[in-house]
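Novice: Sharing a structure with you now.
Just so you know, all these numbers are worked out from the coordinates, no wet-lab data involved. Because the structure is a prediction, the values reported are computed rather than measured. Neighbour counts run over all protein chains shown; Cβ positions are idealised from the backbone, glycine included.
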Amino acid sequence: MNELVAPAKLNLALVVGSLREDGRHEVVTVLQRITLADSIRIEPAPELEVQGFPEDTLVRRALESLARQTGEPPCWRVTIEKRIPVAAGLGGGSSDAAAALRLANRTLGAPLEEESLHELAAALGADVPFFLSSGPQLGEADGTRLSPIDLPQDYWIVLVLPHDERKVSTGAVYEHFDRRGGASGFEERRDLLRSGLLLGDLAALPRNDLASSPLSAELLAQGAFRADVTGAGPAVYGLFAEEGEAIVAQASLGRHGAAWVAGPAW
């Protein structure tokens, strides 16, 4: 098999603390894959080539890192079929990189063990290791320390990418967080998150520490039992108990930007 689906993710909660010694922030986040996904295909090639998404840098870096670590030449052609919007807080680039790593590693005579592959992925970005795992995960430390969690999977998701919003760099989002003293109260918000998980109540999880949107209120008014920004934004999601409600909300929120209905994915 030389092709994999690369799903998007939601941060169903994102609690952020202070800057760590390694230059990353302390975070606690609830990570959930969704059915909106890219496709990644790998074939043998004389040299490393990435097609289908000219803006890619992460897939190339991932495969170059894999080649260096294994001592193998990076002789792969990667074709990316993009469906996940770029720079939206949905983790599309990280998911593409993880899928490419998984596929390329399978082609090696001496593939990396799972633990080594996760270590390589963590050096590429905090979200990449999540996409090498399965099921919902709790991300802690810098977000790369993962543990499986049991979450409800019986809901529908409306995603909205607003027309008039463009994501600034993730670094800039964190700089703004630091300037406003966002880390204050981290322990209380972390405990609230853990309490929500113990109850299995997605609606009880704390709000995203990094970003917010007025569209959250509109999604709640449309019947969502939870609505928030994912990651550093700007994509906004609403969780709905009924598919019909989600479809109506998608039609209504579509005036604000691109809108999709999706479901949880494992």
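Novice: Report which label in (1) 18.5, 55; (2) 17.6, 53; (3) 20.1, 65 holds the value of Rg and Dmax of the Cα atoms in Å derived from the coordinates of this structure.
Specialist: This structure yields the entry labelled (1).
Novice: Which GluC sites (Glu not before Pro) does the stretch 37-146 hold that lie in a coil by DSSP with at most 11 other beta carbons within 10 Å?
Specialist: Loop-located and lightly packed - 47, 55, 113.
Novice: Still on this model: Taking the stretch 156-265, how much of its Cα-Cα pair set, in percent, is spaced more than 24 angstrom apart? Spell out each step's value before the answer.
Specialist: Details: 1789 of 5995 pairs.
Of all Cα-Cα distances in the stretch 156-265, 30 percent exceed 24 Å.
Novice: Filter the trypsin sites (Lys or Arg not before Pro) in the stretch 179-266 down to the DSSP loop ones having no more than 15 other Cβ atoms within 10 Å, then list what survives.
Specialist: Passing sites in the stretch 179-266 are 180.
Novice: Just to be sure I understand: with springs between alpha-carbon atoms less than 10 Å apart, which residue in 129, 162, 54 has the highest mean-square fluctuation in the Gaussian network model of the chain?
Specialist: Between 129, 162, 54, it is 54 that shows the largest mean-square fluctuation.
Novice: Charges only on Cβ, +1 for Lys and Arg, -1 for Asp and Glu: so what's the dipole of the stretch 3-148 about the Cα centre, in debye to the nearest 20?
Specialist: Rounded to the nearest 20 debye, it is 320 debye.
Novice: Build a GNM of the chain with springs between Cα atoms under 10 Å: which of 29, 230, 79 gets the top mean-square fluctuation?
Specialist: In this elastic network of the chain, the residue with the biggest mean-square fluctuation among 29, 230, 79 is 79.
Novice: Next question, about the same structure. Can you list the equivalent-ellipsoid semi-axes of the stretch 121-212, largest first and in whole Å, using the square root of 5 times each Cα gyration tensor eigenvalue?
Specialist: 22, 18, 18
Novice: Moving on. If I take every Cα pair under 8 Å that is 6 or more residues apart in the chain, average their sequence separation and divide by the length, what percent do I get for the relative contact order? Don't jump to the answer; show the numbers that get you there.
Specialist: Numbers: 565 pairs, mean separation 64.7, N = 266.
Value for the chain: 24 percent.
Novice: Among 219, 236, 261, whose Cα lies farthest out toward the positive end of the dipole of the stretch 144-266, if unit charges sit on the beta carbon of Lys, Arg (+1) and Asp, Glu (-1)?
Specialist: 236
Novice: Still on this structure, I have one more. Over what distance in Å are the Cα centres of the stretch 213-266 and the stretch 154-208 separated?
Specialist: Going from one Cα centre to the other spans 15 Å.
Novice: Run the helix sum for the chain: -39,500 (n - 2.57) per DSSP H stretch of 4+ residues, divided by residue count, reported at 222 nm to the nearest 500 deg cm²/dmol.
Specialist: So the helix-based figure for the chain works out to -9500 deg cm²/dmol.
Novice: Here is a further query. Within the stretch 1-61, list the trypsin sites (Lys or Arg not before Pro) lying in a DSSP loop whose Cβ has at most 15 other Cβ atoms in a 10 Å radius. If you can, show how the numbers build up before the last one.
Specialist: Details: sites: 9, 20, 24, 33, 41, 60, 61; in loops: 20, 24.
The qualifying sites are 20, 24.
Novice: Using a cut-off of under 16 Å, list every residue of the stretch 9-41 whose amide N is near the label point 7 Å from the Cα of residue 178 along the Cα-to-beta-carbon line.
Specialist: Within reach of a label on residue 178: 16-27.
Novice: Take residue 2 and residue 242, extend 7 Å from each Cα along the Cα→Cβ direction, and tell me the distance between the two endpoints in nm.
Specialist: With each label placed 7 Å out from Cα toward Cβ, I get 4.8 nm.
Novice: Let me ask something else. Using the crude model of +1 on Lys and Arg Cβ and -1 on Asp and Glu Cβ, and no other charge, please compute the dipole size for the chain relative to its Cα centre, in debye to 20.
Specialist: Using Cβ point charges on Lys, Arg, Asp and Glu, the chain gives about 360 debye.
Novice: Something else now. How much length would be gained if the chain were fully extended between residue 77 and residue 116, taking 0.36 nm per residue of separation minus their Cα-Cα distance, in nm to one decimal? Show your work: numbers first, answer last.
Specialist: Values: separation 39, 0.36 × 39 = 14.04 nm, distance 2.29 nm.
Using 0.36 nm per residue and subtracting the Cα-Cα distance, I get 11.7 nm.
Novice: If r is the Cβ-Cβ distance from residue 45 to residue 134 and R0 is 30 Å, what FRET efficiency results, to the nearest 0.05?
Specialist: Rounded to the nearest 0.05, the efficiency is 0.55.
Novice: Let me ask something additional. Return the distance in nm (one decimal) between the two label points of a simple spin-label model at residue 201 and residue 150, each offset 7 Å from Cα along Cα→Cβ.
Specialist: 1.8
Novice: Also: Given the Cα-Cα distance of residue 225 and residue 69 and 0.36 nm per residue of separation, how much length would full extension add, in nm?
Specialist: Full-extension gain reported as 51.6 nm.
Novice: Order these by the 10 Å Cβ neighbour count, fewest first: 201, 96.
Specialist: Taking fewest neighbouring Cβ atoms as first place, the list is 201, 96.
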